[in-house]
Every structure is written in C-alpha cells, then in structure tokens.
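J.: Dropping the structure in here first, questions after.
The values are calculated or read from the model by the stated rules, or taken from the named source; none is laboratory data. Model, not experiment: these values are computed from the prediction. Don't worry about glycine lacking a Cβ; one is built from the backbone with ideal geometry, like all the others, and counts go over all protein chains shown.
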Amino acid sequence: MKRENIDQLVKVEYHQAANCPLKDSQFSFFQIVYVISGKGFLKINNNMASYSEGSLILLTPNDLHYLEIIEKTDLLLVKFSERYVKEYKWNSINSMECLLYGASFLSGCILQNKPDIVLVDSIVVSLLHGLNHPDLYHEELTLHYVNALIVIAARNISKMRAENVASNTDKRVLDIIDYIQGNIHDPALLKVSAISQKFGFSESYLGSYFKKQCGETIQHFILNYKIRLIEHRLLFSDMRVNEIVTEFGFSDESHLNKFFKKRHHMSLTEFKKTKGLVSMA
C-alpha cells in the first residue's frame, strides 16, 4: 500500500478515470471527493456504498478506501491537510477537526441536506473554472471555495449524526458531545464535574444519562476522541511529543506515555514506528 502526502495545505485536482485512481492508497490528509459524472462503488474501511453523479464523499486521514468504477468517472478532488483544519479560525465551529473525523464512521455520500446540493454544484463549477482558467487572486478564491465545502461537509455530518439519534432520544446529548469535542484539548473542562455544571445535571445523573443515550460511558467517549487525535498527530504530522503534551494538557511526556499505553499497550515511539511502517508497506 502506498502512502500519499501533499506538499501544500490545500490542493484541488480534476481526474477522469475508467479505473480506480484511489486504489491501494492511504492518505495523510482529508479529501473531499465530488463525483461530476459516472457511477460505481466506494469502499471506505469496512463499509461499501454506491456513488453516482452529484455524490460528495469525505475521506479522513488513514482511511482505507477502494473505488470500483462501473462507468467512466469524472472526479473533483479537494485535498486539505489536518494542520489547515486545525489552524484555520472557524467562526462558530469549536472543533471542526473532530467533526470531520466523524465521516470515518459513515459511508457513501454525505450530502444529505437538500438545500446544500445547489451550493455544492455552484462551488464545484467555480473550482473547475479556476483550474481551467486561472486568473488574478485565483489562490485566494480557491481557498474561499474550499472553506465553504468544508463547512458544508461539517454541517451535513452534524445533521446526519442528529438524524441517527432515535426520535425518542433527548437531543441534549448532541450538545454534550459538541461541548466535549470543542474542549477536547482542555482536561479541566472535560471533568465530569465541569460538564455536569455546564448542563445542569448531577454527576451521577450525567453518567447514567450519557451511557443510556450513547451506549458507552462519558469517560470512554472522551478517551476515544482524544486517543484518535493523538494517533493522527503521531502518524500524520511533524509535531514533537512535547508539543502534543502541551496541546492536550498533559503534565509531561511521561504522563502522556502512561495515558497512551493504557490503550495501545505500547509507548508513543513504538506506536509511531510500528504503525508508520504498516502505513508505508
């Protein structure tokens, strides 16, 4: 399996293919795939879904994917790095990175909000025009279009997540999840006491309420999110361990290593060496 990187924060490409251009590849970046024409099947991790004209698919770093083309397919590929998502100042979305990673648990087209279909179509036309006829301030315009696509993707993922909650489920759990994702880098705000106070629950009620709604404890949910972000920092960024320590509020490298070993039963260095070799195999 080959591993592909990008040498810039954002990159837009057009592909026309009769055979899979994504076969046996693993990316170190996010990628929005828009199907201009054609049809076939896309396998992401262990999920298989069909695609056709107008499908909008989000691939997250480290996804395993395979495109099975039935009809010759035209694709617009919008690639953007994890660092771009993390560092860009999104106005009202606290943790865009965590929200986008939610796409790895979905399959197929994420464009489920009908009013967004017209918006995406117009953005794609504009991006294609820019590729074919670059003009003054082309790069600046491209970034604006890409940002709009990212926000639309995040909105649709958020709506799909809400719709996946049973109709008799209390929607407050989504607010709690948003709060956790938005404060995943601040251990003090992730304490059960802090979350309970924020949402007006007692600590004991919050624990039982969250487990009933989500099927796992709130501590386990927080752990999984934090571990997933740390894994991607180790594999797909040039961040040093001490920088990860600072970002996630650990006291020192020893504290982070101890936290990480509880999940993976290996040190940060061992994980990066082992998984990094697997990714490049």
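J.: Among the charged types (D, E, K, R) and assigned by TED's automatic domain parsing to the domain that holds residue 28 - does that describe any residue in segment 192-209?
T.: Taking every residue of segment 192-209 in turn, none turns out to be among the charged types (D, E, K, R) and assigned by TED's automatic domain parsing to the domain that holds residue 28.
J.: Of the numbered conditions (1) outside the structural domain of residue 245 (by TED's automatic domain parsing); (2) within 22 Å of the chain's Cα centre (by Cα); (3) farther than 30 Å from residue 271 by Cα, residue 176 fails exactly one; give the number of that condition.
T.: (1)
J.: Next question, about the same structure. Exactly one condition in (1) surrounded by fewer than 19 Cβ atoms within 10 Å (Cβ to Cβ); (2) more than 14 Å from the chain's Cα centre (by Cα); (3) closer than 25 Å to residue 237 by Cβ; (4) at pLDDT below 85 is false for residue 28; which is it?
T.: The number of the failed condition is (2).
J.: Exactly one condition in (1) in a helix (DSSP H, G or I); (2) at pLDDT 85 or above; (3) surrounded by 18 or more Cβ atoms within 10 Å (Cβ to Cβ) is false for residue 250; which is it?
T.: Result: residue 250 fails condition (1) only.
J.: Can you work out which of the residues in segment 65-92 that are assigned to a loop (DSSP other than H, G, I, E, B) and in contact (Cβ under 8 Å) with a residue 60 or more places away in the chain is nearest to residue 238 (Cα to Cα)?
T.: 81
J.: Taking the stated definitions as given, is residue 210 of a type in the set (A, V, I, L, M, F, W, C) and buried (at least 18 other Cβ atoms within 10 Å of the Cβ)?
T.: Judged against the criteria, residue 210 is a match.
J.: When segment 221-236 is examined, which residues are found to be surrounded by 13 or more Cβ atoms within 10 Å (Cβ to Cβ) and not charged (D, E, K, R)?
T.: Across segment 221-236, the qualifying residues are 221, 222, 223, 225, 227, 229, 230, 232, 234, 235, 236.
J.: Those residues that are hydrophobic (A, V, I, L, M, F, W, C), surrounded by fewer than 20 Cβ atoms within 10 Å (Cβ to Cβ) and not in a loop (DSSP other than H, G, I, E, B), I need them from segment 37-64; list them, please.
T.: Answer for segment 37-64, where residues must be hydrophobic (A, V, I, L, M, F, W, C), surrounded by fewer than 20 Cβ atoms within 10 Å (Cβ to Cβ) and not in a loop (DSSP other than H, G, I, E, B): 41, 48, 49.
J.: Let me ask another. Any residue in segment 220-231 that is assigned by TED's automatic domain parsing to the domain that holds residue 248 sitting within a Cβ distance under 6 Å of a residue that is in a helix (DSSP H, G or I) and of a type outside the set (A, V, I, L, M)? List the pairs, counting only those 6 or more apart or interchain.
T.: Close Cβ pairs satisfying both conditions: 227/263.
J.: Out of the residues in segment 253-281 that are assigned to a helix (DSSP H, G or I) and among the polar types (S, T, N, Q), which is modelled with the lowest pLDDT?
T.: Out of the qualifying residues, it is 279.
J.: Of these, 198, 159, 226, 211, which one is part of a helix (DSSP H, G or I), modelled with pLDDT under 80, basic (Lys, Arg) and out of contact with any Pro (no Cβ under 6 Å at 6 or more places or on another chain)?
T.: 159
J.: Next up: Out of the residues in segment 184-226 that are under 23 Å from the mean Cα position of the chain (by Cα) and of a type in the set (Ser, Thr, Tyr), state the one that is nearest to residue 248 (Cα to Cα).
T.: Per the criteria, the residue is 225.
J.: Filter segment 35-69 for residues that are hydroxyl-bearing (Ser, Thr, Tyr) and either outside the structural domain of residue 108 (by TED's automatic domain parsing) or touching a Gly at 6+ places or on another chain (Cβ under 8 Å) (or both) and give the result.
T.: 50, 51, 52, 55
J.: Next question. Check residue 233 against each of (1) touching a helix residue (DSSP H, G or I) at 6+ places or on another chain (Cβ under 7 Å); (2) outside any helix (DSSP H, G or I) and name the one condition it does not meet.
T.: Unmet for residue 233, out of (1) touching a helix residue (DSSP H, G or I) at 6+ places or on another chain (Cβ under 7 Å); (2) outside any helix (DSSP H, G or I): (2).
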